[in-house]
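The structure appears below as structure tokens.
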Amino acid sequence: MIFEGVESKDQRRALGEAFPILGNEYPDLLVLSPDTSRSTGAAKFRDALPERFLCTGVSEMNTLAMAAGLALEGWKPLVAGFSMFVCGKAWEPLRNSIAYPRLNVKIVASHAGINVGPDGVTHQMVEDIALMRAIPGMTVLAPTDANQVLPVLRAALDYEGPVYIRLERHPMPMISDANQKYEIGKALLMRRGKDVTLIGEGGMVFAALEAAAVLAERGVEAEVLSAVSIKPLDNEAVIESARRTGAVVAVEDHNRHGGLGSAVAEVLCLHHPCPVEQVALQDTYAESGSADQLRKKYHLSEADVVEAVQRVLLRRDS
């Protein structure tokens, strides 16, 4: 790893630490857990504010329906569960009971992507961005690291309407400013460059930064953006960076169809056509294994980002 000495922390731990803080800041906040309070950190909210915590059992569809009802009563419900189940299994009530009436419900989904590792394919949610992006009125956020969990949650709770927040399981290096506030609809500039643009989400931003360091040794200056807001995407930042570099690589722990790469391509196709490559799952499911093993096998490593940059530069310069 190029960035030696960078502390790593998993976003679930950061979520657990954030819960009591948010409970005190937002007196109308309720937390609902479909029997995943230990895994998501929601148990810390339960311990601090038991009167505003609901364990709904292993029943994500009912959990989201309950959250909809609580929102109609003036509460600010937050559902904390596994991505595969709160947006996969429960997609229908999420769409019909929350998004369609545009209710003020926040869905915080951990265990997204193949980052889940040894939990296996049944828990590795690699379709969630596509599912959530397709829902009218749904906001989709992916904090860069553990440092960003609290500011992104604050931004979501201050926003009126449904929000989906994508978190990952495996510890990741903390590369963002812990004191930085976040505004929905904005990307974060992680590294300035002039030769190629790398746009990543969540833990894949670090892979993009590692790739950028390798590329710099070869004389290629990569610009790195963190797409914290996947929907709405920061179109201005994406277009402006693409105009400077003329080549873009989208980097995501998600299937190649319908995710961040698709969102970036949609914007650039309309406003600034240029060569675009993707580092993503190639329309496949993964398997059990450590997160590092899986990212290497399924071509989501920094080496794969470097190869994608080589391809996109060849296309741009040919």
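Measure out, as a whole number of angstrom, how far apart the alpha-carbon centroids of the range 148-169 and the range 242-317 sit.
So the separation of the two Cα centres works out to 24 Å.
Please tell me the relative contact order of the range 188-317 in percent, rounded to the nearest whole number, where contacts are Cα pairs under 8 Å and at least six residues apart. All intermediate terms of the calculation are to be shown ahead of the outcome.
Details: 243 pairs, mean separation 35.5, N = 130.
It rounds to 27 percent for the range 188-317.
Just to be sure I understand: with springs between alpha-carbon atoms less than 10 Å apart, which residue in 115, 255, 24 has the highest mean-square fluctuation in the Gaussian network model of the chain?
Of the options given, 24 has the highest mean-square fluctuation.
Would you kindly derive the ³J(HN,Hα) couplings of the range 48-61 from the backbone phi angles with the Karplus curve 6.51 cos²θ - 1.76 cosθ + 1.60 (θ = phi - 60°), listing them in order in whole Hz, with x for Gly and Pro?
Rounded to whole hertz, the list is 7, 9, x, 6, 10, 10, 10, 8, 9, x, 6, 7, 4, 5.
Per-residue HN-Hα couplings for the range 251-259, Karplus 6.51 cos²θ - 1.76 cosθ + 1.60 at θ = phi - 60°, whole Hz, x for Gly and Pro?
Per-residue couplings from phi come out as 10, 8, 9, 6, 4, 5, 9, x, x Hz.
Please work out the C-alpha center-to-center distance from the range 46-115 to the range 19-45 and express it in whole Å.
12 Å
Which shape class applies to the range 8-173: rounded if a/c is under 1.5, otherwise prolate when a/b exceeds b/c and oblate if not, where a ≥ b ≥ c are the square roots of the Cα gyration tensor eigenvalues?
Numbers: a/c = 1.39, a/b = 1.09, b/c = 1.27.
Verdict is rounded for the range 8-173.
Once you order the gyration tensor axes a ≥ b ≥ c over the Cα atoms, which shape class does the chain get: rounded for a/c under 1.5, otherwise prolate or oblate by comparing a/b with b/c? It would help to have the intermediate numbers written out before the result.
Numbers: a/c = 1.83, a/b = 1.69, b/c = 1.08.
Prolate, because a/c is 1.5 or more and a/b exceeds b/c.
Among the listed pairs 44/296; 186/297; 89/297; 44/89; 106/297; 89/231, give every one whose C-alpha distance is greater than 30 Å.
Checking Cα-Cα distances, 44/296; 186/297; 106/297 exceed 30 Å.
Going by amide H atoms built from the backbone, whose H comes under 5 Å of the H on residue 56, apart from near neighbours?
33, 35
What ratio of Cα Rg to 2.2 N^0.38 Å holds for the range 188-317?
Working: Rg = 13.5 Å, N = 130, 2.2 N^0.38 = 14.0 Å.
So the Cα radius of gyration is 0.96 times the expected 2.2 N^0.38 Å.
Based on alpha-carbon centroids, what's the gap between the range 174-219 and the range 129-146 in Å, whole number please?
Cα centroid to Cα centroid, the span is 19 Å.
Only the coordinates and a few stated rules stand behind these numbers; no lab work does. No experiment lies behind these values; they were computed from the predicted model shown.
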